[in-house]
Amino acid sequence: MTLAGRGDVLAHRVWRHPSAVLLAVQLLGVLVFPFMDESPVGRAALSLFALVALLLAVRAVRATPALAWVSVGLGMPVVLLTIWEAIDPGNGAVVFWSSALHAVFYAYTSVALIRYMFLDRVITVDELWATAATFTVVAWAFAYAFVAVQVVWPGSFTAAVDPAAPRTWFELLFLSFTNLTSVGLSDITPVMPHARSWVMIEQVVGLMYVALVISRVVGLTISRQRA
């Protein structure tokens, strides 16, 4: 087989697992975001990266039994608002609606992936990737929700460095990951009631995810090995 043929086979195998591709892109984003979070060029690159992740999320949902038209219907206004936000980052209304719709979109994506995992009695390779990808999708959804909360209630979150400044999206993503995993390592702190409410909701979601989703995947994997 030629090198080009092997590349086509590899690309086909990778594309058969959209959850793995989504997970890889999101984890890559976590590493790349610190280089893109401050300057106007960085914000534009961040928005472009978010659009790529958005398209991959739509692809992942289309591979599940969820209604694809719902994800596309949510994704199109999110794409437009993402571009608008990159052009006018100081527009509070645009930032709010972009963040709120992002949160709804990623929440729907996570529900679709969980539904996909719960439909089967046999754990496949793609479902294992979906287990990890769903966790990161939930973290992104709450990060966008935190941004929306911060727009409506300024000063909702504080930090050790420049406490009065609005927190960046990457800082709130860091809070989301540390809160969802219950490691408690974040220096970002919710200080207003609505911010604390959303943080508590995410804590419950993280606990339920481990209790219901992870435990089910582990149980089915063990049952398959015994069978």
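The values are calculated or read from the model by the stated rules, or taken from the named source; none is laboratory data. Predicted model only: the values in this text are computed from it and were never measured. No Cβ is skipped: glycine too gets one built from the backbone with ideal geometry, and neighbour counts run over all protein chains shown. Just the protein is used for accessible areas: all its heavy atoms, side chains included, with ligands, DNA and RNA removed. Shrake-Rupley method; radii C 1.70, N 1.55, O 1.52, S 1.80 Å.
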Exercise. Between the stretch 207-222 and the stretch 144-184, how many Å separate their Cα centres?
Worked result: 29 Å
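Counting Lys and Arg as +1 and Asp and Glu as -1, each charge on the Cβ, what is the dipole of the stretch 88-227 about the Cα centre in debye, to the nearest 20?
On the way: 7 positive and 8 negative charges, 115 e Å.
Once rounded to the nearest 20, the dipole reads 560 debye.
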Problem set entry | J(HN,Hα) series, the stretch 76-82, from Karplus relation 6.51 cos²θ - 1.76 cosθ + 1.60, nearest Hz, glycine and proline x | 5, x, 5, 4, 4, 5, 5
Problem set entry | Accessible surface of TRP97 - all protein chains present, 1.4 Å probe, nearest 10 Å² | 140 Å²
Problem set entry | PHE174 - accessible surface, heavy atoms, 1.4 Å probe, Å² rounded to 10 | 90 Å²
Exercise. Is the shape of the stretch 141-188 best called rounded, prolate or oblate, per the rule: a/c under 1.5 gives rounded, else a/b larger than b/c gives prolate, else oblate, with a ≥ b ≥ c the square roots of the Cα gyration tensor eigenvalues?
Worked result: oblate
For this session: Report the label-to-label distance for LEU220 and SER182 in nanometres (one decimal), using points 7 Å from each Cα along the Cα→Cβ vector.
Result: 2.3 nm
Problem set entry | Cα-projected label distance for LEU119 with LEU80, points at 7 Å along beta-carbon direction, nm | 3.0 nm
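Given a 1.4 angstrom probe, what's the average accessible area per residue across the stretch 109-180, in square angstrom? If you can, show how the numbers build up before the last one.
Details: 2830 Å² over 72 residues.
With the other protein chains kept in place, the stretch 109-180 gives 39 Å² per residue.
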